[in-house]
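The values are calculated or read from the model by the stated rules, or taken from the named source; none is laboratory data. This is a predicted model, so every value here is computed, not measured. All Cβ positions, even for glycine, are placed from backbone atoms using ideal geometry, and neighbour counts span all protein chains on display. Note: accessible area is taken over every heavy atom of the protein model, side chains too, but ligands, DNA and RNA are not part of it. Shrake-Rupley method; radii C 1.70, N 1.55, O 1.52, S 1.80 Å.
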Amino acid sequence: MLELRGVTKRLGATLAVDGVSFTVRPGSITGLIGPNGAGKTTLFNTVAGHYAPTRGSIRFAGDEIAGCAPYAIFRKGIVRTFQIPRPFPEMTVLENLMLVAANQPGERFWNTWIRPGRVAEHEKANRARAMEALEFLNLTHLAGQQARSLSGGQLKLLELGRAFMADPKLVLLDEPAAGVNPTLMNAIAERIRALNARGMTIFLIEHNMPLVMSLCDPILVMANGRLLLEGDAARVRGDARVIEAYLGGDAAAAGAPHG
């Protein structure tokens, strides 16, 4: 579904991503891990169109998307969430979801005059889908609340809901469990699995290792801008290079725990 070949990104004098190649297979939950500064977020931003790669190829469903604008990549079926959720704080939770749906006739102001019936019909269907998303996320009781009133974990769930509303082929999740209490983290993991079961391919960055190990296959490991390793949880957990990347050479040589 997603194929990177030799992707490199320079940010000023910094080589943030250095010749990275991998594929994300359809239907997978693929994890991307690595120590701080490994280049993970820069790689996500490059896939999502925030940055154009300095060189290399990014293909999605067979089409080259390297250098495409974020809106064009969104239209192709890639949705990206953020480590820090970015809702419209003064809008309700329901409105934040309804806003995401593409190709709404009401977005063209003249349609409210010349095609009011079509606009109303689409609005009704959009609202029903947004309520379905809230039920899916167990957030129905918050439908009428302003997004600013949500907790950090509820905002993460709202981010998943906005991905749901976009009906994407591939979701890029940037640290979906960051700053979330264990109860909501389990709920988020459950909803990620449920989105995946509905046919969405998931590609996520996460620092919570137990979550990654239980959720993702395969797992990609980055260090110093390069892809260090790709494998399942058992292989990643037991690889000395991964231990060294996270803990340093002395800790790895001493046989530091790596669960």
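A few points about this structure:
- Pair Leu99, Thr54: separation of 7 Å Cα→Cβ label points (nm): 3.5 nm
- Area accessible to solvent at His50, 1.4 Å probe radius, in Å²: 120 Å²
- The range 5-93, relative contact order [Cα under 8 Å, separation at least 6], %: 25 percent
- Remark on the range 128-259: Rg and Dmax equal 17.3, 57 Å (Cα only).
- The label point for His141 and the one for Glu190, both projected 7 Å from the Cα toward the Cβ, are 1.4 nm apart.
- Calculated FRET efficiency, Ser214 to Glu3, Cβ-Cβ distance, R0 = 35 Å: about 0.85 to the nearest 0.05.
- Arg80, Arg55, reordered so the largest accessible area comes first (probe 1.4 Å): Arg55, Arg80
- The chain, helix-only ellipticity at 222 nm - DSSP H runs n ≥ 4, -39,500 (n - 2.57), divided by all residues, nearest 500: -11500 deg cm²/dmol
- Overall dimensions of the range 1-74 by Cα: Rg and Dmax, Å: 11.8, 37
- Counting only residues at least eight positions apart within a chain, or on another chain, the aspartates and glutamates with an alpha carbon under 13 Å from that of Lys124 are Glu95, Glu132.
- Accessible area per residue for the chain, computed on protein heavy atoms with a 1.4 Å probe, is 48 Å².
- Cα pair distances in the chain, grouped into 10 Å bins until the bin that holds the longest one, percent each: 7, 28, 33, 22, 8, 2, 1, 0
- Positive contributions from Lys and Arg (+1) and negative ones from Asp and Glu (-1), summed over other residues with Cβ under 13 Å from the Cβ of Glu230, come out at +1.
- Pair Thr183, Phe82: separation of 7 Å Cα→Cβ label points (nm): 2.8 nm
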